[in-house]
1. For the range 176-201, name all the residues that are touching a helix residue (DSSP H, G or I) at 6+ places or on another chain (Cβ under 7 Å), farther than 23 Å from residue 104 by Cβ and crowded, with 16+ Cβ neighbours inside 10 Å.
2. Which of the numbered conditions does residue 255 fail, given that it passes all the others? Conditions: (1) open to solvent by less than 70 Å² (accessible area, probe 1.4 Å); (2) assigned to a loop (DSSP other than H, G, I, E, B).
3. With 247, 256 as the choices, which residue is hydrophobic (A, V, I, L, M, F, W, C), in contact with a Lys or Arg (Cβ under 9 Å, 6 or more places away or on another chain) and within 23 Å of residue 192 (Cβ to Cβ)?
4. All but one of (1) free of Cβ contacts under 8 Å to residues at least 40 places away in the same chain; (2) touching a Phe, Trp or Tyr at 6+ places or on another chain (Cβ under 6 Å); (3) of a type outside the set (S, T, N, Q) hold for residue 107; state the number of the condition that does not hold.
5. Go through the residues of the range 121-135 one by one and say whether even a single one is open to solvent by less than 10 Å² (accessible area, probe 1.4 Å) and out of contact with any Pro (no Cβ under 9 Å at 6 or more places or on another chain).
6. Of all residues in the range 106-120, which are farther than 19 Å from residue 57 by Cβ, surrounded by fewer than 24 Cβ atoms within 10 Å (Cβ to Cβ) and in contact with a strand residue (DSSP E or B) (Cβ under 8 Å, 6 or more places away or on another chain)?
7. Just give me the residues in the range 211-239 being modelled with pLDDT of 90 or more, among the aliphatic types (A, V, I, L, M) and under 19 Å from the mean Cα position of the chain (by Cα), in sequence order.
8. If I go through the range 11-58 residue by residue, how many of them are open to solvent by 30 Å² or more (accessible area, probe 1.4 Å) and among the small types (Gly, Ala, Ser)?
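The values are calculated or read from the model by the stated rules, or taken from the named source; none is laboratory data. Quantities reported herein were computed from a predicted structural model and do not represent experimental measurements. Cβ placement follows ideal geometry from the backbone for every residue including glycine, while neighbour counts extend to all protein chains displayed. Ligands, DNA and RNA are excluded from the accessible area calculation, which covers all protein heavy atoms including side chains. Shrake-Rupley method; radii C 1.70, N 1.55, O 1.52, S 1.80 Å.
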Amino acid sequence: MTLHVTGEVLDTKRTGAYRHLTLVAPGVAERFRPGTFVAVTLADSARLARRSYWIHQVRPVGGYGPALQLVVEPVGTGGAWLAGLPVGAKVELTGPLGRPFALPKEPVSCLLVGEDVSAAPLFPLAERLRERGCAVTLLVAGRDEAHLLSALEARRSARAVTVVTADGSVGQRGRVADVIAETLGRARAEVVYAAGRHDTLHAVAAAAEDHGAWSQTAVELPQPCATGLCHGCPLPVVGEDGVPRTVRGCTEGPVVRGDRVRWAELA
């Protein structure tokens, strides 16, 4: 069930290049599943479409019940506005939205791959997987140290963590595509979850298929309405019947099987 509610900013803090916002949003946090997101209505909604943000965490806050945390990169009109909200500000939001990550029914070895701020939904996913007895390995990537999301938290969430930055400021220098095959083999992963840029997701999905693993990718697309009404987030896929088709990224996604996405057309 999706709700439209008025949320309130309970806390805001800067971490690296990002702003972490904790919001109370009655009913939304209780319905959260890893991989779902919220659509935030901006102050000047007459000129700007709503903005979608991954739900990064859900945590109890004394006196408020469960609250959700969003990670915002303060770029662009929408990101700058949301990141600049003070404690106590009211926010109109809709959620939880989208198709979440599917969890394995039996304990398996899992590799989670996250890049920049897109890694946000993988941390609650890691918690759910560990609760199910799964062995969790994390591959966290960023442009630089400032854009590396929650590297310390990653080490608490997984049995093994690989860190990659494009400039080499933390961990290995390079991209996800440079290390994914080796990391897959080392983790002996049977299931791979990924969130990042489209070229990164394509590389992860291809490597998982070569490795014989099943992949799920969180595909980010511009979402004018985020509810499926406007059909403004076309996602090219191959259906279960093998027939190419286009689905709505906000409702049939954002999480889809990596081997089902027509990556060349998406690019």
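1. 177
2. For residue 255, the exception is condition (2).
3. 256
4. (2)
5. no
6. Result: 107, 108, 109.
7. Result: 218, 219, 221, 235.
8. 6
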